[in-house]
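Everything below concerns the one structure shown next.
The values are calculated or read from the model by the stated rules, or taken from the named source; none is laboratory data. From a predicted model like this one, the values you see are computed outputs, not experimental measurements. All Cβ positions, glycine included, derive from the backbone under ideal geometry; neighbour counts span all protein chains shown. Heads up: the accessible areas ignore ligands, DNA and RNA and are worked out on the full protein's heavy atoms, side chains in. Shrake-Rupley method; radii C 1.70, N 1.55, O 1.52, S 1.80 Å.
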Amino acid sequence: METRTLRPAETDAGKRVDAWLAGQLEELTRSAAQRLLEEGRVTLGGKPLAKNYKLTGAETLTVSLPDPEPIDARPQRIPLDVVYEDGDVIVVNKPKGLVVHPAPGHPDGTLVNALLYHCGGSLSGVGGALRPGIVHRIDRDTSGLIIAAKNDFAHLRLAAQLQDHSLARTYECVAVGAFREDAGTVDAPIGRHPADRKKMAVLPTGRPAVTHWEVLERFSGPLRHTRLRCRLETGRTHQIRVHLAYLGHPILGDTVYGAKKPVPGLQGQCLHAVGLRFLHPRTGEAVELCCPLPEEFQAQLRKLARQV
């Protein structure tokens, strides 16, 4: 374990300690800084600080950094649809059914296992032992573009883009029901569901969450489905699924937040990460990528177009 002593400047007064730490220690993202605070590893006068503590600019903080964890996930030869790759980043079109990283119930066979094999073990360690290289996540039954970092330099800069929204993620989905407007924004905080810990919900005490949506296509038929394009301003767990269900328009096939009966010919929800835009962490150049809708998504669109 490494211990560091940090002293904020007078100009840092009023800043949250978690954000300040992430700016001071290059190896930390803000979420990693928050974990240190939650674990009591950041102290002032021997007393742990809360992550929302506001600096006075006259403190002397002690930070205890844990030893790096070994990578527990093992490389596995799992086919990947690589959309973009260089020495710093890799972008993959993730299929439905592929879990992003090992977790209870999914110890292997994940995207992380596949990346470790494909990249020869060259992934950033910022995400910890079970999430090497992972900058953001996509649900198991959501398909589409996901970016991973091959080194800590790239990971920290991509994580900063997630914070300032310069890393843009665009999704397409089919929602149940008709929308009156052509576009809109859902600004509603999301937190863990109070009665079901496997679900998320819109809660006054949740974390800020913003989703922008626009209508791409309207369908007739009994349920009058709508094809939408959604852009994430934040990245909460299940954000688009929760926000659309909150509007009364759950995503087609989402048996967690919508109808419990699965849709024939559709695995999980009809949701696809179609676009990704970011600034290359090393060159600063804009990179914009897109990928086509999967066949089962297109099949649902054809089916809905035939309904009268």
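Just a few scattered comments:
- Hey, LYS303 free of Cβ contacts under 8 Å to residues at least 40 places away in the same chain and crowded, with 16+ Cβ neighbours inside 10 Å or not: yes
- Exclusive hit being more than 30 Å from LEU293 (Cα to Cα) and touching a helix residue (DSSP H, G or I) at 6+ places or on another chain (Cβ under 6 Å), set VAL89, VAL63, VAL42, VAL100: VAL42
- If the condition is being open to solvent by 10 Å² or more (accessible area, probe 1.4 Å) and within 30 Å of GLU296 (Cα to Cα), then region 141-161 contributes only ASP141.
- Leading residue by the ranking (modelled with the lowest pLDDT) among those in region 220-231 that are open to solvent by 20 Å² or more (accessible area, probe 1.4 Å) and touching a strand residue (DSSP E or B) at 6+ places or on another chain (Cβ under 8 Å): ARG224
- Leading residue by the ranking (most open to solvent (accessible area, probe 1.4 Å)) among those in region 1-56 that are over 25 Å from HIS136 (Cα atoms) and part of a helix (DSSP H, G or I): GLU10
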